[in-house]
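The values are calculated or read from the model by the stated rules, or taken from the named source; none is laboratory data. All figures in this text were calculated on a predicted structure; none of them were measured in a lab. Glycine gets a Cβ as well: all are built from the backbone with ideal geometry, and neighbour counts include every protein chain shown. Heavy atoms of the whole protein, side chains included, go into the accessibility calculation; ligands, DNA and RNA do not. Shrake-Rupley method; radii C 1.70, N 1.55, O 1.52, S 1.80 Å.
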Amino acid sequence: MRIPVAAPTAHGRRLRAVTDQLEESQWWSPDLLQGYQFGQLERLLAHAHETVPFYRTRLAAAGYRPGQAITPEFWRSLPLLERRDLQDQGDALKSTSVPAEHGGTFKISTSGSTATPVSVWRSDLQALILGAVVLRKVLWQSWDFRLKLGAVIATEDGASFGPAGQCYPDWGWPSALVYQTGPAVVLDLGVTVVEIAEWLLREQPDYLRIYPVLLKDLSFHFMDRGLIPPRLKGIMCGAEVITSDLRELVRRVFGLELFASYGAREAGTIALQCPEREHYHVQAEVTLVEVLDDEGKPCAPGETGTVVVTPLQGFASPLIRYVIGDRAVVGASCPCGRPHPVLAQVVGRTRHHLVLPSGARRCNFDALAFWQFDDIRQYQIVQKSFHDLEVRLVVRRPLTEEVKAEVARRLKTTTSEHFSVAFTYHDSIPRTPSGKFRDFVCEVAADAPGAVGHA
């Protein structure tokens, strides 16, 4: 049950209205949803052509004429926007005149923890709509806003709350603008897993938002020590790839199904896990998502390709066919009845791929299923050369020769039989400064000597 706030602000009323619209549009027909998207694209292209010199030149070269109808065929003829374009152009990609109904604008930047940071501008209207998608995330999980929320977050300024955390009277933005909520307790990434476990047992929240790597470490902490975890009603993760081994671990330790979302700071929330299944629904009212093969053609269900996004309300900094830097597997239509395109799985960053001597790439290590080995607590695969892999391990005790042989076999099957595999043991494997964890690190450039071609 969710109870609206008694006297919402004007902003809260607008947010509630958009949330109600999303509740309705999730049951549109696929044709109606696509028609809405291309209507938005027509307005976005006309705006970009008129107010962003970079796009005026680029769109004209592609044959665009203001006011023309946008078909899927013409759309796919437009050039892709690369990350380096954002870095090179900077504020030159900012609109010189955002429509009045979009409100003010503000600048956001990526952390730069795994690549050179980029910045874009966002309007108040786009932020409002992205806030409604965050509310949809909670609504799809049927979380009760009146209960207690716990969250382990990365603070904007890197501030630390210490092991005691912070307590708030409500869930904050955006939930508390629309609904009457219970309290929230928050920890930052500067704490240890032991401190997170003690905090959870002390605070006993009903719901938990947490980074995947911390959730994995937390699950092993409770399991290895024979501790009874708190009786959570729901767990939500994002910001990293969610693997099947983490889902299985959460089932084993907490007795819960993990709910995941997929997004990027430049674009906001891109996809949400289906309320009934493990795959993701693209938030198509907000973002057009394409998954393209190496020839730039749309991938069919079951195929893996490069994710390309276009925020439909991104009028402050239009990102037209932006290569976000991820790979994903396209899914078939979902039996749940929602028309949103399906991503069966998000499999990782393109810049974090294993590179074969042929130039071919591998990025999905989910099939390794290392959770099946009771002694492995954390691992990171490092490509040292075109022929050598290092498996960095955090373990309860050293692996037997039989287990190491099986790990090496699975790794070679997933990548290539020609690799040699070395094992090293570590007390811990560090996260990036933004709190994320990389299960694969490539120390070889794709254009290094020895590579025959490029994928």
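What the table below lists for this structure:
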| quantity | calculated |
| --- | --- |
| Single unsatisfied condition, residue 321 versus (1) more than 14 Å from the chain's Cα centre (by Cα); (2) on the phi > 0 side of the Ramachandran plot; (3) at pLDDT below 95 | (3) |
| Check on residue 69, under 19 Å from residue 288 (Cβ atoms) and surrounded by fewer than 12 Cβ atoms within 10 Å (Cβ to Cβ) | yes |
| Residue check, residue 217 without any contact (Cβ under 8 Å) to a residue 40 or more places away in the chain, under 30 Å from residue 267 (Cβ atoms) and either assigned to a loop (DSSP other than H, G, I, E, B) or not hydrophobic (A, V, I, L, M, F, W, C) (or both) | no |
| Test: residue in the stretch 243-262 that is among the aliphatic types (A, V, I, L, M), part of a loop (DSSP other than H, G, I, E, B) and under 12 Å from the mean Cα position of the chain (by Cα) | no |
| Residue under evaluation residue 227, criteria (1) free of Cβ contacts under 8 Å to residues at least 40 places away in the same chain; (2) in contact with a Gly (Cβ under 8 Å, 6 or more places away or on another chain), criterion not met | (2) |
| Selection from the stretch 1-55 of residues that are open to solvent by less than 40 Å² (accessible area, probe 1.4 Å), within 15 Å of residue 338 (Cβ to Cβ) and assigned to a loop (DSSP other than H, G, I, E, B) | 26 |
| Any pair with Cβ under 9 angstrom, 6 or more apart, that starts in the stretch 399-411 at a residue that is within 11 Å of residue 373 (Cβ to Cβ) and ends at one that is open to solvent by less than 50 Å² (accessible area, probe 1.4 Å) and part of a helix (DSSP H, G or I) | 399/407; 407/368; 407/370; 410/368; 410/370 |
| Test: residue 146 is of a type outside the set (A, V, I, L, M, F, W, C), within 18 Å of the chain's Cα centre (by Cα) and more than 30 Å from residue 96 (Cα to Cα) | no |
| Residue check for residue 285: free of Cβ contacts under 8 Å to residues at least 24 places away in the same chain and part of a loop (DSSP other than H, G, I, E, B) | no |
| Among residues of the stretch 233-249, those that are over 17 Å from residue 348 (Cα atoms) and touching a helix residue (DSSP H, G or I) at 6+ places or on another chain (Cβ under 6 Å), counted | 2 |
| Looking only at the stretch 216-242, and only at residues there that are open to solvent by less than 20 Å² (accessible area, probe 1.4 Å) and small (Gly, Ala, Ser), the one that is modelled with the lowest pLDDT | 238 |
| Which numbered condition residue 63 fails, given (1) farther than 26 Å from residue 266 by Cα; (2) open to solvent by 50 Å² or more (accessible area, probe 1.4 Å); (3) among the small types (Gly, Ala, Ser) | (2) |
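For every residue, the table says whether it meets (1) closer than 19 Å to residue 237 by Cβ; (2) at pLDDT below 95; (3) of a type in the set (Asp, Glu); (4) open to solvent by 40 Å² or more (accessible area, probe 1.4 Å).
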{"residue": "283", "(1), (2), (3), (4)": "yes, no, no, no"}
{"residue": "330", "(1), (2), (3), (4)": "no, no, no, no"}
{"residue": "366", "(1), (2), (3), (4)": "yes, yes, yes, no"}
{"residue": "375", "(1), (2), (3), (4)": "no, yes, yes, no"}
